[in-house]
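Everything below concerns the one structure shown next.
The values are calculated or read from the model by the stated rules, or taken from the named source; none is laboratory data. The shown structure was predicted, so the numbers you read here are calculated from the model rather than taken from an experiment. Reconstructed Cβ throughout: ideal geometry from the backbone, glycine too, with neighbour counts over all protein chains shown.
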Amino acid sequence: MITWANLRSSAAPWLLLPALLYTGLYIDDVTYTAQSGYGVESGELASYGLAVIAPAAAGAAAWDAGRHRLLGAVGTTGARRLAQRLLWAAAPALALQCVLTAGALVMARRAVGVWPSGAGWLAVAHLFVLPLGWLAIGWLLGGLLPRSVAAPAAGIGCWAWLSVPHTLANAWMRHLGGFVDGTSTVTDVRDPAVYLVPWLVVSCLALSLWPVVSLRRRAAGLVVGVLAVALTLITGRMLVAEWGYQRPTSPRAVALTCSGESPKVCVPPEYEPYVEQLRKDALAPLDRLRAAGVTPPRELRITSSGVSVESGTWPLYWSLPPLRSQTDVHQYRADLARSAVVGTAGSAEATGCPPASLPTAWAMLVMGMDESLVRERMLPADWSSLQGIRRLSAQRQADWFGEAAVNRNHCPQART
């Protein structure tokens, strides 16, 4: 399909190595923790390559389309059908996209430890479909403008469409582009609409260029194209207007791995190598909390905030240790303190107080966390109020903590 002359004349070979390098930089830059073994994260981490793969594919397609446009009637004299000629002409850009996609998957596999699985395959499809849409846009631009103009316009325009909206206050713009920053947690996965909306938008943008290129009356085609782009943006905004800055997610359905009793610690299967140590490190802080008059949990569970838990179960807030580092004991105690606040509120069948300065800090100190570390997380006025609470009797402190966990009036702002 790809003859040597077609490949040699294409811009694709010149883009391959730089694009692979920058794809690796993008993926390495967002690899913060030890390998999780989470297949969904693997696919979503690979999709970070979009910011490089889509512009490269668009630029290469625009250059090749301009090159073939210069052939004029010579390009239509072959015996092949139109679809076959188009596929042959665009084959170098398609091959570039496929090689870069494979490279991104290998890099994500190295960072996460597993190949994509489950919902991660939807992110892999996103990594292929969105650049394919921009390849079509680049090809159409190459048929309209000189290739020396079309290629940089397609590449830079694609990169700007994907990346610049993340710096703007208009949250809805970033959802239309399709560059999804961050990855799903082990407790929640992204809604498919996160990918389907950008697919719809890029398809409509490509179709809006078609009348500009194909209609003989260029002015009429331009009007139709501008109206199509405007309609695409308006429809896209309507679809994502309620998302805000966060993309919709749903709780992940997975069997948890548990260890021990009183408390039993339950984690997603990807965290199984850590479950024994998590339970061991939680025993002493929970004993201190019990001695202070707070009822400890029967179970600590890493679960989605969208899933209700029964009384006596506390949500466990924990994440993998940083890359090439060990678990931070102080941070784990801070996470347990947050669990104590939210779990106590849940046990009292009340709306939980979000992680807040006073109740969470009190639990940190009770669990044995260094005072200097707690104090630097708080505002001076909050620290002064906490000292007054600590001068109360042990029973009154425990009563105050139970009330503070369920009463939002006891939730001053914490400094982050």
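Figure legend. Inter-residue proximity from region 164-183: first residues in the same structural domain as Ala230 (by TED's automatic domain parsing) and farther than 25 Å from Ser42 by Cβ, second residues among the β-branched types (Val, Ile, Thr) and surrounded by 12 or more Cβ atoms within 10 Å (Cβ to Cβ), beta-carbon distance below 7 Å, spacing 6+ or different chains. Indicated pairs: Trp172/Val240; Leu176/Val197; Leu176/Val201; Leu176/Val240. Within region 244-280, the set of residues being modelled with pLDDT of 90 or more, of a type outside the set (Gly, Ala, Ser) and touching a helix residue (DSSP H, G or I) at 6+ places or on another chain (Cβ under 6 Å) comprises Thr257, Val265, Val267.
Is it fair to say Ala292 is touching a helix residue (DSSP H, G or I) at 6+ places or on another chain (Cβ under 9 Å) and either aromatic (Phe, Trp, Tyr) or surrounded by fewer than 20 Cβ atoms within 10 Å (Cβ to Cβ) (or both)?
Working: touching a helix residue (DSSP H, G or I) at 6+ places or on another chain (Cβ under 9 Å): yes; either aromatic (Phe, Trp, Tyr) or surrounded by fewer than 20 Cβ atoms within 10 Å (Cβ to Cβ) (or both): yes.
So Ala292 passes the test.
Screening Ser214, Ser203, Ser259, Ser208 for residues that are farther than 25 Å from Pro165 by Cα, of a type in the set (Ser, Thr, Tyr) and out of contact with any strand residue (DSSP E or B) (no Cβ under 9 Å at 6 or more places or on another chain) leaves exactly one candidate, Ser214. Taking Val114, is it under 18 Å from the mean Cα position of the chain (by Cα) and in the same structural domain as Trp243 (by TED's automatic domain parsing)? Criteria met by Val114.
Look at (1) part of a helix (DSSP H, G or I); (2) closer than 23 Å to Gly177 by Cα and you find that Ala219 fails only one, number (2).
For every residue, the table says whether it meets (1) assigned by TED's automatic domain parsing to the domain that holds Val180; (2) over 33 Å from the mean Cα position of the chain (by Cα).
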position	(1), (2)
Leu222	yes, yes
Ala228	yes, no
Pro268	no, no
Ala292	no, yes
Trp318	no, no
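Here's the yes/no breakdown for (1) at pLDDT 90 or above; (2) surrounded by 15 or more Cβ atoms within 10 Å (Cβ to Cβ); (3) over 26 Å from Ala150 (Cα atoms); (4) among the charged types (D, E, K, R):
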| site | (1), (2), (3), (4) |
| --- | --- |
| Met173 | no, yes, no, no |
| Gly178 | yes, yes, no, no |
| Ser184 | no, yes, yes, no |
| Arg190 | yes, yes, yes, yes |
| Tyr195 | yes, yes, yes, no |
| Trp199 | yes, yes, no, no |
| Leu205 | yes, yes, no, no |
| Arg216 | no, no, no, yes |
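Pairs are defined by a Cβ separation below 8 Å, a sequence spacing of at least 6 or placement on different chains, a first member in region 378-403 that is modelled with pLDDT of 90 or more, and a second member that is charged (D, E, K, R); the pairs so defined are Gln397/Arg390.
So, Ser42, is that one assigned to a helix (DSSP H, G or I), hydroxyl-bearing (Ser, Thr, Tyr) and farther than 17 Å from Gly177 by Cα or not? The answer is yes for Ser42. Taking the criterion of being in contact (Cβ under 8 Å) with a residue 60 or more places away in the chain and of a type outside the set (Phe, Trp, Tyr), the residues of region 268-283 that qualify are Pro268, Glu270.
Filtering region 206-235 down to residues that are touching a helix residue (DSSP H, G or I) at 6+ places or on another chain (Cβ under 6 Å) and in contact (Cβ under 8 Å) with a residue 40 or more places away in the chain, which residue is nearest to Gly133 (Cα to Cα)? Across region 206-235, the extreme among qualifying residues is Ala206.
Out of everything in region 358-402 that is surrounded by 14 or more Cβ atoms within 10 Å (Cβ to Cβ) and among the polar types (S, T, N, Q), what residue ends up being nearest to the chain's Cα centre (by Cα)? Step by step, filter region 358-402, then rank; the result is Thr360.
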